[in-house]
Structure formats: C-alpha cells, structure tokens
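To start, the structure under review is shown below, and the notes come after it.
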Amino acid sequence: LERLRGKLSRSQSTLGKGLLGLLGAGNLDEDSWTDIEDTLLMADIGAATTTEIVDKLRERLVSRGVRSAAEVRALLREVLIESLHPEMTRSVRALPNNGNPAVLLVVGVNGTGKTTTTGKLARVLVADGRTVLLGAADTFRAAAADQLATWAERVGAEVVRGKEGADPAAVAFDAVKRGVEAKVDAVLVDTAGRLHTKTGLMDELGKVKRVVEKQAEVDEVLLVLDATTGQNGLTQARVFGEVVDVTGIVLTKLDGTAKGGIVFQVQRELGVPVKLVGLGEGADDLAPFEPGAFVDALLG
Ligand code: GDP
C-alpha cells in the first residue's frame, strides 16, 4: 500500500497540496473560495462535485471552528472521502468455488489498458492460488492477442485465441467452453473495444455476452477507463453502460499525468463502483480502490 501511495502522490499531490495551502491560509475571502473551486475544477473534479465539496467545507469550517493546520487537513480528508461515496465501494466479486469458472468480461475502448488490466488481474488471481484462462477476444487490434498470450505465459495462465479478424464472440465462446471443460477457477475475456458507432459496439459486445451466457453466468463486466482522458472517459462509460450491465470500473493510468479528480465523478455520475485502479504498466500495478487510501495519497 505504501508503494501505491507513493505512485499516486508523486503525480497527484498537487491537488492535495494546493487545497491544503489555500484552506490553511486562514481568512478565507470570496477570492480564496474561487481559487479553491478552480483548483478542484482543474483536477477534473466536475462542477457538481466541486460545488458539493466547497459547500461542505465552508459550512463545516465555521460550524466546527476549524483553525489549526491539522484540523483543516482532517476536515478536508473527511469531505473528500465523503465525495467519493465510500458506501459504494465494492471489491471484485469473490470467485465461486463450485467447479464452475467465474467469468469476467473486460470491456472498454482500445488504448484504455484493457489487455494490460486483464493480464494484471490474472496475475492477482494466480498469485491467490486460482487457475485462470484468458480469452483473447480482441481480434481487431492486431497485437492484442499476442500481448495477452505474453501475459498468460508470464503469470501462468492458459490462453485461448482466435485468428486475427475472427469473430470476437466466437473466441469468447471457445474460451469459456474450454474454461468450463478444464474446470479453471476464472475465465477473463479481453473484448474488442472499437467504438466507431454505438450500434456496432452494441452488436458486438451484446453478442459476446449472449454467447458466453450460453455456457456460464457472467460474474463481472469490468469497464476499463483511462483516467487521463477525463470527461471523455465518462462519456465512453455512458455508452458502454447502455450496451452491457457494467458491474465495476477499472480506472487505469492514475500513476501518469492523470489528475485523478475523475475518480470523484465516476461513481457519482455513473452509479457504478470503481473496483480497481491501475497504477502503472507492471504486473503488480493493479490495486483495489479504497477511498481513504486514495485521499491520503492526494493529501500526501
Ligand atoms: P487496450 O488497447 O485497451 O487493450 O490497451 P493496452 O492494455 O494495450 O494498454 C495501452 C497502453 O497503456 C499500454 O502501453 C499499457 O502499458 C498502458 N497502461 C495500461 N494500464 C496502465 C496504467 O495503469 N498505468 C500506465 N502508466 N500505463 C498503463
């Protein structure tokens, strides 16, 4: 956890530091509040959440007579955690242990980190003593299947892949079929992420889900969003949400140039819990999302 904190705080503590600096300066006039608002907005924390945070801070600073730097920090921590809606926090569903594989579909637009996330998740499960099969159903991006096969080898998972350009649903079907036969604990299906047209996506993803459901229940549909794309990620999420029942969000690239504020918007606007965060390209750079730890990292 300390290592993850380090990763987050290096890139994002500017938000925490900025807020602590502004709030700690005392004598908060209207200009200071405008600066606080701007700091929140610039960090990708949308308008509605920003208003919510500022209102709470203004009210509680006065009603509680907050003065010292430590009190300011504690109040800011409390308000930021509340704004992350910690009551929504969920982990990836526990895998059933009944001889049937858990089936997880990993969906999202190309480039968001879908394949990498699938590999990292396999690593977590294998490290936990589970047998895992990876389905390379992203048959449109030329390198995706090779990339997933490399992950499979690296983490000790089986992989099922089709020919380039094969029907993604056919590959997903074969992967789940093989997973059921081999009695693996989990099948993770990396799906294609073309978002040319909503109908195309709807047909493709809908079909993947339907054929998979012929053989096993789908336990999770994880939507991968790139945190560096800000508002755009939210738009993508809405489109995907109309096509499949997304059960959780994986927010990737929080280690990079992401402002991180998008986390505040995702749960609130989408009503879907952020379950995992991606903190780098390495195999161990996937962590459960914990509001408290996240805010602590922001505040440095
Ligand atoms: P896909 O097209 O959605 O399957 O995307 P990939 O899994 O190929 O990832 C696209 C790029 O993002 C690759 O260079 C990954 O190494 C990188 N990437 C994925 N997740 C993360 C992350 O959490 N942090 C960083 N910094 N890079 C990531």
Determine whether R154 is of a type in the set (K, R), modelled with pLDDT of 95 or more and farther than 24 Å from K275 by Cβ. no
Those residues that are within 8 Å of the ligand (Cβ to nearest atom) and under 25 Å from K214 (Cα atoms), I need them from segment 120-143; list them, please. D138
Checking S91 against (1) more than 15 Å from the chain's Cα centre (by Cα); (2) more than 16 Å from the ligand (Cβ to nearest atom); (3) in contact (Cβ under 8 Å) with a residue 40 or more places away in the chain, which single condition isn't satisfied? (1)
Can you tell me which residue is modelled with the lowest pLDDT among those in segment 44-80 that are within 22 Å of E269 (Cβ to Cβ) and assigned to a loop (DSSP other than H, G, I, E, B)? D44
Out of segment 153-174, which residues are out of contact with any helix residue (DSSP H, G or I) (no Cβ under 6 Å at 6 or more places or on another chain), within 21 Å of D219 (Cα to Cα) and within 16 Å of the ligand (Cβ to nearest atom)? V171
Subset tally (residues that are among the small types (G, A, S) and either farther than 16 Å from S91 by Cα or near the ligand (Cβ under 9 Å from one of its atoms) (or both)) for segment 245-300: 10
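Matching residues to (1) of a type in the set (A, V, I, L, M, F, W, C); (2) surrounded by 17 or more Cβ atoms within 10 Å (Cβ to Cβ):
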| site | (1), (2) |
| --- | --- |
| T139 | no, yes |
| E153 | no, no |
| G165 | no, no |
| A170 | yes, no |
| K183 | no, no |
| V187 | yes, yes |
| T191 | no, yes |
With T116, T112 as the choices, which residue is part of a helix (DSSP H, G or I), among the hydroxyl-bearing types (S, T, Y) and open to solvent by less than 60 Å² (accessible area, probe 1.4 Å)? T116
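The values are calculated or read from the model by the stated rules, or taken from the named source; none is laboratory data. Nothing here was measured: the structure is a model prediction, and the numbers come from that model. Here the Cβ is made from the backbone with ideal geometry for all residues, glycine too, and neighbour counts use every protein chain on show. Calculation scope for accessible area: heavy atoms of the full protein, side chains included, ligands and nucleic acids excluded. Shrake-Rupley method; radii C 1.70, N 1.55, O 1.52, S 1.80 Å.
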